[in-house]
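This report refers to the structure that appears directly beneath it.
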Amino acid sequence: MVMQSESEHSLVAQAKNGDQRAFELLVRLHEESVQKVVVAMLGNVPEAQDVAQEVFIRWYQAMDRFEGRSGLRTYLTRIAINLSLNEIKRRKQKSGWMVVDNKHEVASHDFADDGTVHRNWEINDLLQKAMELLTPEFRIVLVLRLVEGYSVQETADMLQIPEGTVASRLARAQIKLRAWISKLDQ
Amino acid sequence: MDKQTGSMKPTQPGEPLPGQLEEWLAFSLDQPLQEEQDRALASAMRDNPALQAEKIALLQLRSQLASWKPPKKPDFMSQLRQKLEKQRRHALVFYFFPRVAVASILLAMGIALLSGYFSKHLSDKVALGVDYLEPDDAYGFISTE
């Protein structure tokens, strides 16, 4: 597990004592990491910003109970995953999303009226769109292991699944991603 | 492939199925394969240029994913501050509201009980003190004036 650095530990202690500046410094320190997880999970949609902010609000509210055993980044990542999964469930209940043949979710706005895929995305957008096509269980392992850089073991611990499952989901996710990227990029 | 766990660990006897080498290759970038799979993959890698190209493409994809960044939101912090402030106000309302409500109910009940008591036990004359006046008191008032 990722342990907290000394300076982060002291910032957390200050934030716990009500130091708003320390809290904001910690937000700035982990903002990108949280945004990465949430945007990779949900796509670059307005709700992603709300979910990312909610991650910090949840931590702020539970700060007294935070002991720092798992490291703040890991702790925030766990909250970000849970909130993103809740948001995905909420979306599924709404009608804006459709499910195609082999459970691959596709956002309807990704396709032009004639069904062709929009072209000329930058690689960043391309990766994001391709990640959105993966089902959440594949997307999570991909985001944690390859975007956030957690080890297979850390990813497995975080998701409470065996390491072999993480690695096999990762393998299949990468193959799917490669296929979709080449399709999206055509 | 173990269907329950989704793991690729159990050995597959004989020749690998189509697509299996590709999966083993991707798997091997994160976890060691079983000996048999590892041997099959290594031998295929030697003779199969497509598989070699696949490895390069996978490594490139992994490097792109590692440097992937969502678009920066400049107002993230200010929005978060506003939301936290709103939460604090809500928390204060939730803290004080039940207490103020209970105190108000108790006060209203007290006033109702007292007014009920006085309306039963105190007539207008008692309230004005008229019952306690003796006729001689009237002289007292007149003389003082």
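Can you pull out every residue in segment A:24-34 that is within 18 Å of A:Arg145 (Cβ to Cβ) and open to solvent by 10 Å² or more (accessible area, probe 1.4 Å)? Matches in segment A:24-34: A:Glu32, A:Ser33. Among the conditions (1) modelled with pLDDT of 90 or more; (2) open to solvent by 20 Å² or more (accessible area, probe 1.4 Å), the only one that A:Val166 does not satisfy is (2).
Please verify whether A:Val143 is more than 7 Å from every other protein chain (Cβ to nearest Cβ), under 15 Å from the mean Cα position of the chain (by Cα), closer than 16 Å to B:Leu59 by Cα and open to solvent by less than 40 Å² (accessible area, probe 1.4 Å), treating the condition exactly as stated. Taking the combined requirement at face value, the residue satisfies it.
Exactly one residue out of A:Arg78, A:Arg58 is under 11 Å from the mean Cα position of the chain (by Cα) and not in a loop (DSSP other than H, G, I, E, B), and it is A:Arg78. If you go through segment A:120-137 and pick out every residue that is over 12 Å from A:Gly43 (Cα atoms), out of contact with any Leu (no Cβ under 8 Å at 6 or more places or on another chain) and either assigned by TED's automatic domain parsing to the domain that holds A:Val39 or of a type outside the set (Asp, Glu) (or both), you end up with 3. Residue count for segment B:1-31 under the criterion of being surrounded by 11 or more Cβ atoms within 10 Å (Cβ to Cβ) and at pLDDT 80 or above: the result is 12.
Look through A:Arg21, A:Arg78 and report the one residue that is modelled with pLDDT of 90 or more, touching a Ser or Thr at 6+ places or on another chain (Cβ under 9 Å) and among the basic types (Lys, Arg).
Unique residue meeting the criteria: A:Arg78.
Selection over segment A:151-179 of residues that are touching a helix residue (DSSP H, G or I) at 6+ places or on another chain (Cβ under 9 Å) and not in a helix (DSSP H, G or I) gives a count of 3.
Among the residues of segment A:35-49, write down those that are surrounded by 24 or more Cβ atoms within 10 Å (Cβ to Cβ) and within 7 Å of chain B (Cβ to nearest Cβ). Once the filter is applied, which keeps residues that are surrounded by 24 or more Cβ atoms within 10 Å (Cβ to Cβ) and within 7 Å of chain B (Cβ to nearest Cβ), segment A:35-49 yields A:Gln35, A:Val39.
Yes or no: segment A:43-55 includes at least one residue that is out of contact with any Cys (no Cβ under 6 Å at 6 or more places or on another chain) and under 17 Å from A:Glu8 (Cβ atoms). The answer is yes, given that some residue of segment A:43-55 is out of contact with any Cys (no Cβ under 6 Å at 6 or more places or on another chain) and under 17 Å from A:Glu8 (Cβ atoms). Looking only at segment B:38-76, residues that are at the interface with another protein chain (Cβ under 10 Å from one of its Cβ atoms), surrounded by 15 or more Cβ atoms within 10 Å (Cβ to Cβ), in a helix (DSSP H, G or I) and of a type outside the set (Lys, Arg) come to 6 in all.
The values are calculated or read from the model by the stated rules, or taken from the named source; none is laboratory data. Remember, predicted model here, so these are calculated numbers, not experimental data. A quick note on method: Cβ atoms are made from the backbone with ideal geometry, for glycine too, and the neighbour counts reach across all protein chains shown. Areas reflect the complete protein model, heavy atoms only, side chains present, ligands, DNA and RNA absent. Shrake-Rupley method; radii C 1.70, N 1.55, O 1.52, S 1.80 Å.
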